[in-house]
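The structure appears right after this line, and notes come after that.
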Amino acid sequence: MFECKVGSYFICDCSEIYLTREQAGYLAERWDVCLCCKCLNEFKESWDNIPDSEK
């Protein structure tokens, strides 16, 4: 079960996932909730398949 640890960045698994500024901005514009590490990793893997017009 996924549990967001907002405010606890250093104990959250997502602290180990590197996103570029562009990727982080893309997510921030579309989601206002935390994403689990599995979803973040899937997002990173699919980043190159997102059309530039949507980035």
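What list of ³J(HN,Hα) couplings, whole Hz, do you get for segment 47-55 from phi and the Karplus terms 6.51, -1.76, 1.60, once you set θ to phi - 60° and write x for glycine and proline?
Taking θ as phi minus 60°, the curve returns 3, 5, 8, 7, x, 4, 5, 9, 8 Hz for segment 47-55.
If the chain between Ser15 and Trp31 were fully stretched, how many nm would it gain, using 0.36 nm times the residue separation less the Cα-Cα distance?
Result for the pair: 4.0 nm of gain on full extension.
Which net charge results for the neighbourhood of Thr20, defined as the other residues with beta-carbon distances under 13 angstrom from its beta-carbon, given Lys and Arg at +1 and Asp and Glu at -1?
+1
The numbers here are math on the coordinates, done by the rules we state, and not lab data. Everything numeric here is computed off the predicted structure, so don't read it as measured data. Don't worry about glycine lacking a Cβ; one is built from the backbone with ideal geometry, like all the others, and counts go over all protein chains shown.
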